[in-house]
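Contents: one structure, followed by commentary.
Derivation of every value follows stated rules applied to the coordinates shown; laboratory data play no part. These numbers come from a predicted model, not from an experiment.
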Amino acid sequence: MSNWQKKLIRVGMAASIFVGLSAGLGAYVFWYARGASYLTNDPAACANCHVMQDHYAAYLKSSHRLAATCNDCHTPHNLVGKYAVKALNGFRHATAFTTQNFHEPIQISNLNRSVTEQACRYCHADIVEQIDLHPGVSKAQAQQLSCTSCHKSVGHLELSD
C-alpha cells in the first residue's frame, strides 16, 4: 500500500470519527433539550426553558388559549415559514441560553414581532380590514398600525405593562 493510500485511509477514519462524534453529540443535545417537542403545536413545549415559564403561565390565563397555540401567533401560517422561524429561533435561543447571553425578561425580536403582527392580521382579517379601510385612516397610517401596540397583553395576560 502506498503512502497516499495510507494517508487517505487515515483522513477517511478521522472524518468518520468526526462525523460520528458530531452526530452523537447532536443527537444527545436534541434529546436533552427535548427537541422533538418543538416540532409539535403543544404550547407546553415553549415552557421547556425557564425564561418562558411565566409567558406560558400567562398564556394559560389568556383568552387566546381557547383558540390558538403559541405557533398560531409566533410562526407564519405556512409550513416552510413555520419551520424556518422555529429553526432560526431554536438556534438563537440555544446559543443565547448556552452562553447565558440573553435579556431577562426575554424580549421579542423584530422578526418575531413582524411574524406576530402578521398572525394577528391573518386571524382577525375582517376586523383589520375594517380598520385599514376606515375613512379616517390614511393608507400610510394603516400600514403603520400595529395590533400589538394596543393589545400587548392578549396572548400573555399578566405580563403586559
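Can you tell me how much longer the chain between T98 and H151 gets when fully stretched, taken as 0.36 nm per residue apart minus their C-alpha distance, in nm with one decimal?
Roughly 15.9 nm would be gained on extension.
Just need the relative contact order of the chain here, percent rounded to a whole number, with Cα pairs under 8 Å and 6+ apart.
26
What length, rounded to one decimal in nm, is gained on full extension from L60 through to A36, with 0.36 nm per residue of separation minus their alpha-carbon distance?
Gain on stretching L60 to A36: 6.5 nm.
Hydropathy first: keep DSSP H helices in the chain averaging at least -1.0 on Kyte-Doolittle, then drop any whose Cα extent along the axis falls short of 24 Å, and list what survives.
Helices meeting the criterion: 3-32, 79-99.
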